[in-house]
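S.K.: To start, I am sharing the structure in question, which I have written as structure tokens.
Derivation of every value follows stated rules applied to the coordinates shown; laboratory data play no part. The shown structure was predicted, so the numbers you read here are calculated from the model rather than taken from an experiment. Glycine also receives a Cβ, built like all others from the backbone with ideal geometry; neighbour counts cover every protein chain displayed.
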Amino acid sequence: MRHVIEQEELVWKAGKDRDAEAFRQLVADNGIMIFRGGIMRRPEYLATMNSRTLSHAKWKRMKGFMPNPTTVVLIYETVRIGSFRGKKLPSNPVIESTTWIKRKKRWVAIRK
């Protein structure tokens, strides 16, 4: 479980640093992200990565559970400070959830 939580932190870091290669390694090619504004697949997210800034993110009450040996679901509260396409992100807390699966001996996020 600790390893998957560390991977989750790396996904956030990749987004903040606009590190497309790191993001590709952590999020499955068929992964989806769910935002207040809608659903975005990994290719769309990567295409808009440079339009997004994330200057700060805090996580609270991160919990995870394993419904089976190759799946981890993380749930936590976060506050994000940043912008997308010049519009400031709402700074109120939101509940996040990421589903990680083990593929070819490696954990990847499939829903964020």
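S.K.: Name the lysines eligible as straight-distance cross-link partners of residue 102: C-alpha to C-alpha under 21 Å, and not fewer than 8 places from it in the same chain.
M.R.: List returned: 13, 63, 112.
S.K.: So, one more: Lysines within cross-link reach of residue 88: Cα-Cα under 18 Å, excluding same-chain residues under 8 positions apart?
M.R.: 16, 58
S.K.: Is any residue of the stretch 1-23 close enough, with backbone N under 19 Å, to a label point placed 7 angstrom from the Cα of residue 62 along the Cα-Cβ axis, and if so, which?
M.R.: Residues 1-19, 22-23 fall inside that zone.
S.K.: Can you show me the helix-derived [θ] at 222 nm for the chain, built from DSSP H runs with n ≥ 4 at -39,500 (n - 2.57) apiece and divided by the number of residues, rounded to the nearest 500.
M.R.: Mean residue ellipticity, 222 nm, calculated: -8000 deg cm²/dmol.
S.K.: Between residue 24 and residue 94, what is the FRET efficiency for a Förster distance of 22 Å, r being their Cβ-Cβ separation, to the nearest 0.05?
M.R.: Working: r = 25 Å, r/R0 = 1.11.
It comes to 0.35.
S.K.: Whose amide H sits under 5 Å from the amide H of residue 89, counting only residues 5 or more places off or on another chain, with H placed in the peptide plane?
M.R.: When sequence neighbours closer than 5 places are left aside, the close amide H contacts are 82, 83, 84.
S.K.: Evaluate E = 1/(1 + (r/R0)^6) for residue 104 and residue 16, where r is the Cβ-Cβ distance and R0 equals 25 Å; express this FRET efficiency to the nearest 0.05. Please list the in-between numbers first.
M.R.: Numbers: r = 27 Å, r/R0 = 1.08.
Working from the Cβ atoms, E equals 0.40.
S.K.: Could you please report the charge total around residue 106, scoring K, R as +1 and D, E as -1 over all other residues with beta-carbon less than 14 angstrom from its beta-carbon? Mind showing how you got there, number by number?
M.R.: On the way: positive: 24, 102, 103, 104, 105; negative: 6, 29.
Spelling it out: positives minus negatives among the neighbours equals +3.
S.K.: In what order do 63, 16 fall by count of nearby beta-carbon atoms within 10 Å, going from fewest to most? The partial results should precede the final answer.
M.R.: Working: 63 10, 16 16.
Ascending number of Cβ neighbours within 10 Å: 63, 16.
S.K.: What number comes out for the charge environment of residue 71, summing +1 per Lys or Arg and -1 per Asp or Glu over other residues with Cβ under 13 Å away? Mind dumping the intermediate values first?
M.R.: Details: positive: 102, 103, 111; negative: none.
Cβ neighbours under 13 Å give a net charge of +3.
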